[in-house]
Amino acid sequence: MQVVNGTKWSKQKGKKAPSRLIEHPGKVPEICGWASFKGIKAHCAGCAVDNMGQVIWLYVGGPQQAVRSLWASLAGGGALELDQNVVRFERDTSYLRLEAQIGMTRFYSTALLHPQASLLQMQAEKECFYVLSQNPETAPVSLFYKMLNKALALPLAPEWADYLWKAGTQMNFTDRTEKREDPVTAPRERLITNLNTKACAGWRVLTDLAYWMLVVEFGLKQGMIR
C-alpha cells in the first residue's frame with residue numbers, strides 16, 4: 001500500500017492552516033483521533049491493527065518531536081494509545097518507517113508499516129501477510145493475488161484471483177492446532193479476516209498451504225476455476 005501525504009489549505013482569519021492530514025480517492029479526508037504516549041500526542045490520520053493489538057499500519061502527524069517520541073516508544077517495545085486502545089509493534093519485526101514534513105509547516109507525518117503488508121518486503125515463510133487498501137470500500141484483489149502467489153509454493157493462475165479472494169473470505173476451516181475428538185466442536189476460522197482499521201481497509205491472510213490447496217481443489221472440482 002502506497003502512503004500519500006496530501007495537505008489541504010484554507011484561509012481562516014487571514015492565516016493559512018492545514019485542514020486535513022490525508023486524502024483517499026473518493027473520500028473526504030479526516031483526522032481519526034489521537035495517538036498518545038505518556039502525555040505526548042499526535043493526530044492519528046489512519047491505522048490498521050490486528051486482533052492482538054499489533055500495529056500493521058499507522059499514520060500520525062504533529063510536531064516532529066512528538067511523532068518521533070511515539071515512534072521511539074513503539075520501537076523500544078512500548079505501547080501507544082489509539083482512542084483508548086493500546087497498540088504495540090510485533091516483536092522481532094523491522095517496521096518500515098517514512099517521515100515527511102507537511103507542506104511548509106512545522107508539522108511532520110510519520111507512516112509505519114509492517115513488512116508483511118509490503119509486497120516487496122514480505123517473507124514467504126511467515127504464517128500470514130496483510131493486504132491494505134486506501135479505499136475502505138474496495139478490496140485490492142490484484143495485490144492480494146501477487147502477495148499470495150509469492151507466499152505459497154503452489155501454482156496459481158492470475159484469473160483465479162477473484163475466486164481465491166471470495167473463497168478465502170467465506171470458507172471456514174477447522175483449526176488443526178486444536179486436538180479434539182469431535183471435529184464438529186473444533187474452532188473454525190477463515191483464511192482472510194478483517195483488521196481493525198480507520199481511514200483504510202485491511203485484511204490478514206493466512207498462508208497455510210494445506211488450506212489453500214483445499215480451496216484450489218474445490219474450485220477445480222466445482223468448475224469455478226480452470
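The values are calculated or read from the model by the stated rules, or taken from the named source; none is laboratory data. On a predicted model such as this, the values are computed, not experimentally measured, just so you know. FYI the Cβ positions are ideal-geometry reconstructions off the backbone, even for glycines, and counts take in every protein chain you see.
Within the range 114-126, restricting attention to residues that are part of a loop (DSSP other than H, G, I, E, B) and among the aliphatic types (A, V, I, L, M), the residue that is farthest from the chain's Cα centre (by Cα) is Ala124.
In the range 35-55, the residues that are farther than 22 Å from Ala201 by Cα form Cβ pairs under 8 Å with partners that are among the charged types (D, E, K, R), at six or more places apart or across chains, as follows: Ser36/Glu81; Phe37/Glu81. Being hydrophobic (A, V, I, L, M, F, W, C), surrounded by fewer than 20 Cβ atoms within 10 Å (Cβ to Cβ) and either more than 21 Å from Ser36 (Cβ to Cβ) or in contact (Cβ under 8 Å) with a residue 24 or more places away in the chain (or both) is a property that Leu113 lacks.
Within the range 206-226, residues that are touching a residue at least 12 places away in the same chain (Cβ under 8 Å) and assigned to a helix (DSSP H, G or I) sit with their Cβ atoms under 8 Å from residues that are hydroxyl-bearing (Ser, Thr, Tyr) and surrounded by 10 or more Cβ atoms within 10 Å (Cβ to Cβ), at 6+ positions apart or across chains, in these pairs: Gly219/Tyr163. Quick one: would you say Ser133 is assigned by TED's automatic domain parsing to the domain that holds Tyr59 and within 20 Å of Ala199 (Cα to Cα)? So Ser133 fails the test.
Tell me, which residue of the range 137-157 that is under 15 Å from Val215 (Cα atoms) and not hydrophobic (A, V, I, L, M, F, W, C) is modelled with the lowest pLDDT? Restricting to residues being under 15 Å from Val215 (Cα atoms) and not hydrophobic (A, V, I, L, M, F, W, C), the top hit is Pro155. Within the span defined as the range 62-84, every residue fails to be over 23 Å from Phe129 (Cβ atoms), touching an Asp or Glu at 6+ places or on another chain (Cβ under 9 Å) and in a strand (DSSP E or B). Of the residues that make up the range 38-55, is at least one in contact with a Cys (Cβ under 8 Å, 6 or more places away or on another chain), outside any loop (DSSP other than H, G, I, E, B), among the small types (Gly, Ala, Ser) and modelled with pLDDT under 95? Yes, the range 38-55 contains a residue that is in contact with a Cys (Cβ under 8 Å, 6 or more places away or on another chain), outside any loop (DSSP other than H, G, I, E, B), among the small types (Gly, Ala, Ser) and modelled with pLDDT under 95. Every listed requirement among (1) more than 17 Å from Val55 (Cα to Cα); (2) touching a Gly at 6+ places or on another chain (Cβ under 8 Å); (3) crowded, with 18+ Cβ neighbours inside 10 Å is met by Ile102 save one, (3). From Leu74, Leu80, Leu70, which residue is under 24 Å from Thr105 (Cα atoms), of a type in the set (A, V, I, L, M) and at pLDDT 90 or above? The unique qualifying residue is Leu70.
If you check Phe129, Phe173 for being at pLDDT below 95, touching a helix residue (DSSP H, G or I) at 6+ places or on another chain (Cβ under 7 Å) and not in a helix (DSSP H, G or I), only one passes: Phe173.
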